Structures are given as C-alpha cells and as structure tokens.
Amino acid sequence: MTRLGAMSQEAIRLGLSSTAQKLVVSTLIMIAVVMGIAIWLASSITSRIVAIIAGILRIQTGELDFRFGPSKDDEIGRLKHSFDRMADTICE
C-alpha cells in the first residue's frame, strides 16, 4: 500500500513539475510580447512627437506657411491641429 502511495505522490510531483515548466515558458513568452508592444508603442509616440518638434522649429525659423496637415483624431493629432491653427493666427 505504501508503494502505491509513493507512486501516486511521484506522479503528482511530475505533473506539478511539468505544469510549472509550462507556466514559466508561457510567462516568459507573454513578457516578451508585452515588451515588444511597449517598445513599438513608445517608438510610435516618440516619432510623432519628434515630427511635431521639427514642424514647430520650421515655423519658428520663419516658414510660416508650414502646416502639419491631416492627422489622427487623438491627443497628438489634436495637438498638431492646434499648432496649425496657431500658425494660421500668426499669418493673419
């Protein structure tokens, strides 16, 4: 009877070990995916901000006819639109 109990305990231990390994692997994969998304998002936002800075510098150096043009309807897009309106006001 104790041999049967020991075999059951060993089977449970092996099952738990296998499950733990699968959880570790899936967790590492999810961390990599989330980090990839975070890097992509940060890069996307940074490039849009750099474009705004470049446009502002063009206006600042006297290129008053510069406009950002159509953009997305998000915070950065609304910021670009505001700078376009400001440039329109300066040109009047």
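The values are calculated or read from the model by the stated rules, or taken from the named source; none is laboratory data. Just so you know, these numbers come straight off a predicted model, no measurement behind them. Cβ sites come from the backbone with ideal geometry, for glycine too, and all protein chains shown count toward neighbours. Quick note on the areas: whole protein, heavy atoms, side chains included, nothing else; ligands and nucleic acids left out. Shrake-Rupley method; radii C 1.70, N 1.55, O 1.52, S 1.80 Å.
Restricting attention to the stretch 35-78 and to residues that are in contact (Cβ under 8 Å) with a residue 24 or more places away in the chain and in a helix (DSSP H, G or I), the residue that is farthest from ILE90 (Cα to Cα) turns out to be ILE45. Is it fair to say ILE29 is in a helix (DSSP H, G or I) and either open to solvent by less than 70 Å² (accessible area, probe 1.4 Å) or touching a residue at least 12 places away in the same chain (Cβ under 8 Å) (or both)? Spelling it out, it is not the case that ILE29 is in a helix (DSSP H, G or I) and either open to solvent by less than 70 Å² (accessible area, probe 1.4 Å) or touching a residue at least 12 places away in the same chain (Cβ under 8 Å) (or both).
Residues checked against (1) of a type in the set (Asp, Glu); (2) surrounded by fewer than 10 Cβ atoms within 10 Å (Cβ to Cβ); (3) out of contact with any Lys or Arg (no Cβ under 8 Å at 6 or more places or on another chain):
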position: SER44; (1), (2), (3): no, no, yes
position: ALA51; (1), (2), (3): no, no, yes
position: LEU57; (1), (2), (3): no, no, yes
position: THR61; (1), (2), (3): no, yes, yes
position: ARG67; (1), (2), (3): no, no, yes
position: SER71; (1), (2), (3): no, no, no
position: ILE76; (1), (2), (3): no, no, no
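Tallying residues that are open to solvent by less than 70 Å² (accessible area, probe 1.4 Å) and under 33 Å from the mean Cα position of the chain (by Cα) within the stretch 8-23 yields 2.
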